[in-house]
Amino acid sequence: MQVIIFDDAQQVADSAAQWVAELINKKPNPVLGLATGSTPISLYKALVNKHKAGELSFKNTTSFNLDEYLGIDGTNVQSYRHFMNENLFDHVDIDKSQTFLPTCNQGENPREQGLAYEEKIKQAGGVDLQILGIGANGHIGFNEPTSSLASRTRIKTLTQQTLDDNSRLFAADEFQPTLAMTMGIATILDARYVILMATGKNKAKAVKDMVTGALSAVCPASALQLHENAIILLDKEAASEL
Ligand code: GLP
């Protein structure tokens, strides 16, 4: 695990963008693992800027997102599909038919959908670089505490803490999903490189548990201790308990 501490959140985003740009410019058919949440928004802004400056083309890039809510579809403004369109896909030259999120619509079998997502990743050649944020309770993707370290893409019930943390993004009368389909921890560990971005004081405890705590399902992000190429990009506040 390589931990790099920057002065501020913008430097974290710029560094992550450099990693992504390097991969895309080097590999003929890069496969990106993407994340949602407020943390990677500045990374996506930096990537859009690089694209507009003519430094980066996503033409041959395939992407797989970590997770998606259940019970709302991709046209819902709260869906992670919508988030990705708004923050990245609509502003770059990526072929949208090559952008995937783990979904399970009504009537579909969750087990089959999970296996199919894993298979699709495999067929694409595996994820080259997985972007991650971290929940205040140490979750990655929607792998909440006590998720098996060997887990694969499946449905997870969100914890009350995660629902509370994310409730700021929902209007009072808006439906907030309590279930999500998420890549598993083993799925994430299969990526060749993992870049976890964490900024702000409210992530300091989770970052401490991830980096210096025991390898444990209680802090799902601690599984990155097992990864050969895990790069942790932090601002000073997120690193304040290290
Ligand atoms: C959600 C996402 C995670 C993300 C986390 C933290 O629960 N499923 O992938 O890392 O939120 O989000 P934020 O960056 O907004 O703190």
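Read the figures in this text as sums done on the coordinates, not as results from a lab. As the structure is a prediction and not an experimental result, all values here were calculated from the model. We place every Cβ from the backbone using ideal geometry, glycine too, and count neighbours over all the protein chains shown.
Summary table below
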{"read-out": "Per-peptide average of other Cβ atoms within 10 Å, ordering 40-49, 62-71 highest first", "value": "62-71, 40-49"}
{"read-out": "Table column - 3J(HN,Hα) (Hz), the range 150-163, Karplus curve with 6.51, -1.76, 1.60, x for Gly and Pro", "value": "9, 5, 10, 4, 6, 8, 10, 8, 6, 6, 4, 4, 5, 4"}
{"read-out": "Separation between Cα centres of the range 165-242 and the range 39-75, rounded to whole Å", "value": "19"}
{"read-out": "Nearest-0.05 FRET efficiency for F170 and K26, computed from C-beta distance (R0 35 Å)", "value": "0.35"}
{"read-out": "Taking T75, T61 and counting other C-beta atoms within 10 Å, the order from fewest to most", "value": "T75, T61"}
{"read-out": "³J(HN,Hα), Karplus 6.51/-1.76/1.60, whole Hz, each residue of the range 63-79, x for Gly, Pro", "value": "10, 10, 7, 5, 7, 8, 5, 9, x, 9, 9, x, 8, 5, 5, 8, 6"}
{"read-out": "Lysines whose Cα lies under 26 Å from that of K59, excluding same-chain neighbours fewer than 8 positions away", "value": "K26, K27, K45, K50, K96, K120, K122"}
{"read-out": "Helix-only mean residue ellipticity at 222 nm for the chain, each DSSP H run of n ≥ 4 adding -39500 (n - 2.57), per residue, nearest 500", "value": "-9000 deg cm²/dmol"}
{"read-out": "Debye, to nearest 20: dipole size of the range 2-235, +1 on Lys, Arg Cβ, -1 on Asp, Glu Cβ", "value": "360"}
{"read-out": "Built amide H within the under 5 Å cut-off of G200, gap 5+", "value": "D235, E237, A238"}
{"read-out": "Distant-in-sequence amide H partners of S63 (H built 1.01 Å from N, under 5 Å)", "value": "L32, T99, F100"}
{"read-out": "Percent antiparallel among DSSP beta bridges (both partners in the chain, rounded to 5)", "value": "30"}
